[in-house]
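Asks: Here's a structure for you.
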Amino acid sequence: MKLTDSQINEFDQRGYLFFPNLLDQEEVTALQNVVPEILNRPGPEVVREKDDPAVARLAFGAHVYSEPFARLVTLPRLLEPVKQLLRDEVYLHQSRMNPKPGFGGGGGWDWHQDYPPWYLIDGMPEPKCIMAAVFIDDCTPVTSPLLVVPGSQQHGLLDSKLHEDAKDRGYALHHLGPEAVAELANDGGIEPVIGPAGSVALVHCNVVHGSANNVSPWRRAIMYLNYNAVSNACNKEERPWYQNNRDFTPLQASRDDCLGTIHS
Ligand SMILES: O=C(O)CCC(=O)C(=O)O
């Protein structure tokens with residue numbers, strides 16, 4: 001899939017592009033089938049909700065230990081547009097699944113940009129990184145969709161504060177103050193990223209985003225594949241492999257049908 005100049009321009013202006021149904025039903029099913037085993041992993045790469053350790057809040061690194069997600073990373077439909085937008089070869093800095101179970105089990109996310117921990121902790125020189133949000137489940141207005149402030153990436157790295165209990169949480173989130181969010185939102189608005197399972201949003205890593213608690217009965221899992229430009233490789237090694245991948249080998253596109261051929 002080759003992006004048009006107008007799509008590239010839209011990404012540069014608004015900070016994200018949305019592709020409904022980029023994956024077909026068979027491909028979505030291959031991914032959905034392995035979600036429970038990923039969330040049941042005992043390792044530190046699966047971070048649990050603070051108030052309820054039975055519930056997984058984030059699963060890092062599934063592309064390393066789960067075949068369907070490994071195949072997803074190099075799907076040409078996904079990889080080629082990311083390379084086009086970053087104007088470079090890319091590697092995967094990190095993957096994380098946010099399963100967001102229903103009935104309030106999947107907690108909200110304060111407003112933040114993704115780039116600050118990558119810059120400050122992992123030593124990523126520039127915000128040349130794209131978060132590909134792959135919808136594993138339907139994302140609807142009632143399942144606490146991802147909310148983005150279009151165009152906010154144009155303000156660069158904003159002042160933010162690392163959550164004080166980041167070490168206990170097992171991940172770093174630099175949240176923004178209410179005044180900054182209000183100013184940006186009054187200017188650019190807030191958009192919910194909504195679509196059926198299999199849809200994909202490509203989001204610039206400085207786009208301000210967040211989400212609410214999922215009080216609906218339905219799970220709303222999204223896999224975030226965070227691709228970084230090879231020329232922008234990280235230079236610090238503080239965090240483990242599942243948060244700061246040190247293999248900068250450029251990713252090669254696989255066959256476009258490689259995910260749909262997995263049968264359980
Ligand atoms: O999936 C969500 O609800 C938000 C997740 C998020 O903001 C993040 O992982 O950076």
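The values are calculated or read from the model by the stated rules, or taken from the named source; none is laboratory data. For clarity, every value in this text was computed on a predicted model and none was experimentally measured. We place every Cβ from the backbone using ideal geometry, glycine too, and count neighbours over all the protein chains shown.
Asks: Residue pairs, Cβ under 9 Å, 6 or more apart or interchain, first in the range 44-56 and hydrophobic (A, V, I, L, M, F, W, C), second surrounded by fewer than 15 Cβ atoms within 10 Å (Cβ to Cβ). List them.
Replies: VAL46/ASN40; ALA56/ASN40
Asks: State the number of residues belonging to the range 40-58 that are of a type outside the set (Lys, Arg) and closer than 11 Å to LYS100 by Cα.
Replies: Result for the range 40-58: 4.
Asks: Report, by residue number, each residue of the range 227-244 that is within 16 Å of the ligand (Cβ to nearest atom) and either farther than 15 Å from PRO125 by Cβ or in a loop (DSSP other than H, G, I, E, B) (or both).
Replies: Hits for the range 227-244 are TYR227, ARG239, TYR242, GLN243, ASN244.
Asks: Output the qualifying pairs, or none if there are none: Cβ atoms under 7 angstrom, residues six or more apart or on different chains, first residue in the range 186-197 and in contact (Cβ under 8 Å) with a residue 12 or more places away in the chain, second residue surrounded by fewer than 16 Cβ atoms within 10 Å (Cβ to Cβ).
Replies: Listed by first residue and then by second, the contacts come to PRO192/PRO141; ILE194/THR140; ILE194/PRO141; GLY195/PRO20; PRO196/PRO20; PRO196/ASN21.
Asks: Would it be correct to say that TRP118 is touching a residue at least 60 places away in the same chain (Cβ under 8 Å), over 16 Å from MET223 (Cα atoms), assigned to a helix (DSSP H, G or I) and hydrophobic (A, V, I, L, M, F, W, C)?
Replies: Yes: the conditions hold for TRP118.
Asks: Of everything in the range 168-215, what is closer than 26 Å to PHE19 by Cβ, buried (at least 18 other Cβ atoms within 10 Å of the Cβ) and not hydrophobic (A, V, I, L, M, F, W, C)? Give them in sequence order.
Replies: Listed by number, the residues that qualify are GLY188, GLY195, GLY198, SER199, HIS204, ASN206, HIS209, GLY210, SER211, ASN214.
Asks: Let me ask another. Identify, from the list VAL134, VAL149, VAL142, the residue that is modelled with pLDDT of 95 or more, surrounded by fewer than 16 Cβ atoms within 10 Å (Cβ to Cβ) and either within 14 Å of the ligand (Cβ to nearest atom) or of a type outside the set (S, T, N, Q) (or both).
Replies: VAL142
Asks: Okay, next question. Restricting the search to the range 206-218, which residues are closer than 14 Å to LEU146 by Cβ, within 13 Å of the chain's Cα centre (by Cα) and part of a loop (DSSP other than H, G, I, E, B)?
Replies: Listed by number, the residues that qualify are VAL207, VAL208.
Asks: While we're looking at this one, here's another question. Is it true that ARG96 is closer than 21 Å to GLY15 by Cα, modelled with pLDDT of 95 or more and within 16 Å of the ligand (Cβ to nearest atom)?
Replies: Against the criterion (closer than 21 Å to GLY15 by Cα, modelled with pLDDT of 95 or more and within 16 Å of the ligand (Cβ to nearest atom)), ARG96 qualifies.
Asks: Out of the range 103-115, which residues are part of a loop (DSSP other than H, G, I, E, B) and either within 12 Å of the ligand (Cβ to nearest atom) or touching a Leu at 6+ places or on another chain (Cβ under 6 Å) (or both)?
Replies: Within the range 103-115, GLY107, GLY108, GLN113, ASP114 qualify.
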